[in-house]
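Note sheet for the following structure.
The values are calculated or read from the model by the stated rules, or taken from the named source; none is laboratory data. All values derive from a computational prediction rather than experimental measurement. Ideal geometry is used to build each Cβ from the backbone, glycine not excepted, and the neighbour counts take in all protein chains shown. What goes into the accessible areas is simple: the full protein's heavy atoms, side chains included, and nothing from ligands, DNA or RNA. Shrake-Rupley method; radii C 1.70, N 1.55, O 1.52, S 1.80 Å.
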Amino acid sequence: GYSHHSLVVAFPSYLAVIEAPYTQAQSRTLVKLLSSQFPGKPVRYLAVTHPHFDHMGGVRSVAAAGATILVARQHEAAMRALLTARHTNPADDLDRNRSSGGKTGNLQAYDNKTVIAEGRQSIELHVVLGSPHADPIVMAYVPSAHLLFQSDLFSPGTGEGATPAAAQLLRAVRVLGLDVRTNAGGHG
């Protein structure tokens, strides 16, 4: 079956999410659950790995919670179009907030690499060129956990063999010099 996963990283005063859930309703539910589990820690950042529908579908709900949406510079136009579009029949959370002066988040594009950090916690977002799945594609690395989160390059636990995307993932990890001990996939 199809599954889609997000990575949530807790910082001292906020949360960062890598990959919005598949739909607006799922993203709204995720934000509510995180608010309950981490009182006083808003979702400050949402990073998107690539602009395919199953990775962008829930972005508007997370933006409506006030999160800054982080995207690779090459994905900025597609994400800006999604975030600025009207959604009025019925209005979604972002459109309602925009109309009432509520939270709308913002968009931040970056080149090559950006780091989210507070205290001793950090996440590195790496833009990887040449992916056969989406070019570029973004991988998130949490140094303190030696954890790599990536989507659509390799799906752990599925029995999938060495595809060109998986080979590209391995090359990227080696070139970036990441000490990966856990590979968490956005699918699988």
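One residue stands out in region 107-116 among those that are touching a Ser or Thr at 6+ places or on another chain (Cβ under 8 Å) and surrounded by fewer than 20 Cβ atoms within 10 Å (Cβ to Cβ): the one that is nearest to A165 (Cα to Cα), namely V115. Taking the conditions exactly as written (under 19 Å from S6 (Cα atoms), touching a residue at least 12 places away in the same chain (Cβ under 8 Å) and in contact with a strand residue (DSSP E or B) (Cβ under 8 Å, 6 or more places away or on another chain)), does V180 satisfy them or not? Yes. Restricting attention to region 73-97 and to residues that are open to solvent by less than 40 Å² (accessible area, probe 1.4 Å) and in contact with a strand residue (DSSP E or B) (Cβ under 8 Å, 6 or more places away or on another chain), the residue that is farthest from V31 (Cα to Cα) turns out to be H75. Quick check on V62: is it touching a strand residue (DSSP E or B) at 6+ places or on another chain (Cβ under 9 Å) and assigned to a helix (DSSP H, G or I)? Judged against the criteria, V62 is a match. I need a count of the residues in region 1-60 that are of a type in the set (F, W, Y) and over 25 Å from A145 (Cα atoms). Residues that pass the stated criteria total 3.
Across region 50-59, not a single residue is classified as over 23 Å from H126 (Cα atoms) and of a type outside the set (S, T, N, Q).
A search for C-beta distances below 8 Å between a residue of region 135-163 that is more than 18 Å from T114 (Cβ to Cβ) and of a type outside the set (A, V, I, L, M, F, W, C) and any residue that is modelled with pLDDT of 90 or more and in a loop (DSSP other than H, G, I, E, B), counting only pairs 6+ apart in sequence or on different chains, returns H146/D179; H146/V180; H146/R181; D152/T49.
Against the conditions (1) touching a residue at least 60 places away in the same chain (Cβ under 8 Å); (2) exposed (fewer than 14 other Cβ atoms within 10 Å of the Cβ); (3) under 15 Å from the mean Cα position of the chain (by Cα), G119 satisfies every one except (3). Residue check: I69 meets all listed conditions (1) open to solvent by 10 Å² or more (accessible area, probe 1.4 Å); (2) more than 23 Å from L170 (Cα to Cα) but one, namely (1). Screening region 1-45 for residues that are among the charged types (D, E, K, R) and crowded, with 19+ Cβ neighbours inside 10 Å and picking the one that is nearest to A72 (Cα to Cα) gives E19.
L169 satisfies every condition listed in (1) more than 26 Å from K41 (Cβ to Cβ); (2) out of contact with any strand residue (DSSP E or B) (no Cβ under 7 Å at 6 or more places or on another chain) except (2). Residues of region 96-119 that are over 19 Å from F11 (Cα atoms), of a type outside the set (D, E) and in a loop (DSSP other than H, G, I, E, B): G101, G102, K103, T104, N112.
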